[in-house]
Amino acid sequence: MEYAFTLKYQLADDDCDQERIVERLFEAGCDDATIGIGQPGRIALAFRRESADAWSAIYTALRDVKQAIASARLVEAGPDFVGLTDVADAAGVTRQNMRKLMLAHASQFPLPVHEGNPSVWHLSDVLVWLMGRGNYPIASDLIDMAKSTKQVNLAKGAREIEPRANQQLTSLVA
């Protein structure tokens, strides 16, 4: 099955030759990605990768990029962080309908990653919640990929937790 996802990276100051990076990515097996190099010091790869499952697709892409650009630091894997408009598009409903669902089911609607203007959710959390509520035309491969990219982003963030803080906060933030 083909899986679509995006990996965004920050490049090291001493490894910013974009032409050479594109060549190395191609040589490392990333020939199934469209590479965006518009922002200085950043690179985005929009993959369409054939794989047995979503996790294998993203894992092999992460491995291939690391092989090509060892010094690159992952910024974000997507699809993951989304607003209501993105969720509505994935569910085949309007933003207004999604907002009504969120407000009508406030105690059950998934908690946002960031609550503000705009609020941001993990896509997989909202899609799974929607699937439990009704018959929405959400592709199972999108849910699988969103779950996988969420795990990548959570693992990336977990690297920054100090052991003492992690130990003290674990029971308090559940």
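The values are calculated or read from the model by the stated rules, or taken from the named source; none is laboratory data. Nothing here was measured: the structure is a model prediction, and the numbers come from that model. Heads up, the Cβs are rebuilt from the backbone with ideal geometry, glycines too, and the neighbour counts pull from every protein chain shown.
Structure data summary
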item: Condition broken by residue 62, with the remaining ones in (1) touching a residue at least 12 places away in the same chain (Cβ under 8 Å); (2) assigned to a helix (DSSP H, G or I); (3) within 23 Å of residue 132 (Cα to Cα) satisfied; result: (3)
item: Any hit, segment 44-59, residues being over 21 Å from residue 155 (Cβ atoms), at pLDDT below 95, outside the structural domain of residue 143 (by TED's automatic domain parsing) and exposed (fewer than 15 other Cβ atoms within 10 Å of the Cβ); result: no
item: Residue check, residue 155 surrounded by 18 or more Cβ atoms within 10 Å (Cβ to Cβ) and not in a loop (DSSP other than H, G, I, E, B); result: no
item: Condition check for residue 171: in a loop (DSSP other than H, G, I, E, B), outside the structural domain of residue 7 (by TED's automatic domain parsing) and polar (S, T, N, Q); result: yes
item: Failed condition for residue 22, given (1) modelled with pLDDT of 95 or more; (2) surrounded by 13 or more Cβ atoms within 10 Å (Cβ to Cβ); result: (1)
item: Residues being small (Gly, Ala, Ser) and either crowded, with 16+ Cβ neighbours inside 10 Å or within 18 Å of residue 147 (Cα to Cα) (or both) - total across segment 85-130; result: 4
item: Any chance residue 121 is in a helix (DSSP H, G or I) and of a type in the set (Phe, Trp, Tyr); result: no
item: Unmet requirement for residue 77, which otherwise passes all of (1) out of contact with any strand residue (DSSP E or B) (no Cβ under 7 Å at 6 or more places or on another chain); (2) closer than 21 Å to residue 2 by Cα; (3) surrounded by 18 or more Cβ atoms within 10 Å (Cβ to Cβ); result: (1)
item: Test set (1) out of contact with any His (no Cβ under 8 Å at 6 or more places or on another chain); (2) of a type outside the set (Lys, Arg); (3) touching a residue at least 40 places away in the same chain (Cβ under 8 Å); (4) within 23 Å of residue 142 (Cα to Cα) - residue 80 fails condition number; result: (1)
